[in-house]
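The values are calculated or read from the model by the stated rules, or taken from the named source; none is laboratory data. Keep in mind that this is a model prediction, so the values were computed, not measured. Neighbour counts run over all protein chains shown; Cβ positions are idealised from the backbone, glycine included.
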Amino acid sequence: MPRPPATFATARLLGRVPRVEDAPAVFTAYASDPAVTRFLSWPAYDRVPPLTAFLRECVAHWEKGAGHLAWLLCLKGTDTPIGSIGVNLDDAGKAMFGYVLAKKFWGHGMAAEALTFLADWSLAQPGIHRAWAFCDVENPASVRVMEKAGMVREGVLRRWHTCPSLGPEPRDCVVCAKVR
Ligand SMILES: CC(C)(COP(=O)(O)OP(=O)(O)OC[C@H]1O[C@@H](n2cnc3c(N)ncnc32)[C@H](O)[C@@H]1OP(=O)(O)O)[C@@H](O)C(=O)NCCC(=O)NCCS
């Protein structure tokens, strides 16, 4: 599998590999906000140390070049995280993305900007033929992000993903993909 770039730039954003020391800033910007984590696979953090541990795992994934590879998103010209986007590359040529932004930055097309760049990067790699993502059926803003990144809605994965903030039951998700 190709190795994704450690940094990337779009018109307004810089994506960079997380550092353990980012934990307090990530906590304040978005990871402690239940409005942000509502549809995510993790509940809002109530303390910084578990987030530090998570970022340590992220760094380890980058060192190994395997697993979920996450970037922190910063406004260009700054080093302060305002969100994150990540990818899982599998051996069958599929790149699966996930993304999150601090609430203050919602509604400006920034998640789509980052996803567009990375989906296109992935499909430019010889071994990758499918860039995809899914989101909860009740998260239409995220469906739009996928569509604006050129992904096409393929259907609903029933009982696919559990959002701990919404309870223990697996929920239905919209799946979108861009392929070549
Ligand atoms: C989902 C999320 C990433 C969207 O990012 P964003 O940068 O604010 O997205 P955009 O600025 O492109 O705006 C979202 C689009 O959805 C549309 N939208 C927003 N709320 C909507 C709603 N309730 N119904 C229909 N469309 C909606 C907006 O109109 C916009 O579309 P447009 O550009 O065609 O007008 C952001 O809200 C977020 O971080 N949410 C919390 C984490 C999350 O849910 N991540 C996704 C997990 S799969």
> Identify, please: which residue in region 104-128 is near the ligand (Cβ under 10 Å from one of its atoms) and part of a loop (DSSP other than H, G, I, E, B) and is, among those, surrounded by the fewest Cβ atoms within 10 Å (Cβ to Cβ)?
Replying inline: Gly107
> Which pairs do you get when a residue that is of a type in the set (Val, Ile, Thr), found in region 111-138, comes within reach of a residue that is assigned to a strand (DSSP E or B), reach meaning Cβ atoms under 9 angstrom, with the pair 6+ apart or on two chains?
Replying inline: Ile128/Leu89; Ile128/Lys94; Ile128/Ala95; Val137/Val156; Val137/Arg171; Val137/Asp172; Val137/Cys173; Val137/Val174
>> Can you tell me which residue is farthest from the ligand (Cβ to nearest atom) among those in region 87-102 that are among the charged types (D, E, K, R) and exposed (fewer than 14 other Cβ atoms within 10 Å of the Cβ)?
In response: Asp91
> Restricting region 129-157 to residues that are touching a helix residue (DSSP H, G or I) at 6+ places or on another chain (Cβ under 6 Å) and among the aliphatic types (A, V, I, L, M), which is surrounded by the most Cβ atoms within 10 Å (Cβ to Cβ)?
Replying inline: Ala131
> Looking only at helices (runs of 4 or more DSSP H) that fall completely inside region 1-74, which ones have 2 or more residues that are modelled with pLDDT of 95 or more, surrounded by 13 or more Cβ atoms within 10 Å (Cβ to Cβ) and in contact with a Leu (Cβ under 9 Å, 6 or more places away or on another chain)?
Replying inline: 23-26, 48-64
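Quick check on my filter: what residues within region 4-24 are more than 16 Å from the ligand (Cβ to nearest atom) and more than 17 Å from the chain's Cα centre (by Cα)?
The first filter runs over region 4-24 and keeps only residues more than 16 Å from the ligand (Cβ to nearest atom), leaving 4-9, 16-24.
Within region 4-24, Val20, Glu21, Pro24 meet the criteria.
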> Any idea how many residues of region 129-144 are near the ligand (Cβ under 9 Å from one of its atoms) and touching a strand residue (DSSP E or B) at 6+ places or on another chain (Cβ under 7 Å)?
Replying inline: 6
> Name the pairs: first residue in region 163-175 and in contact (Cβ under 8 Å) with a residue 40 or more places away in the chain, second residue in a loop (DSSP other than H, G, I, E, B) and not charged (D, E, K, R), Cβ to Cβ under 6 Å, at least 6 apart or on different chains?
Replying inline: Cys163/Phe39; Pro164/Pro43; Ser165/Pro43; Val174/Val137
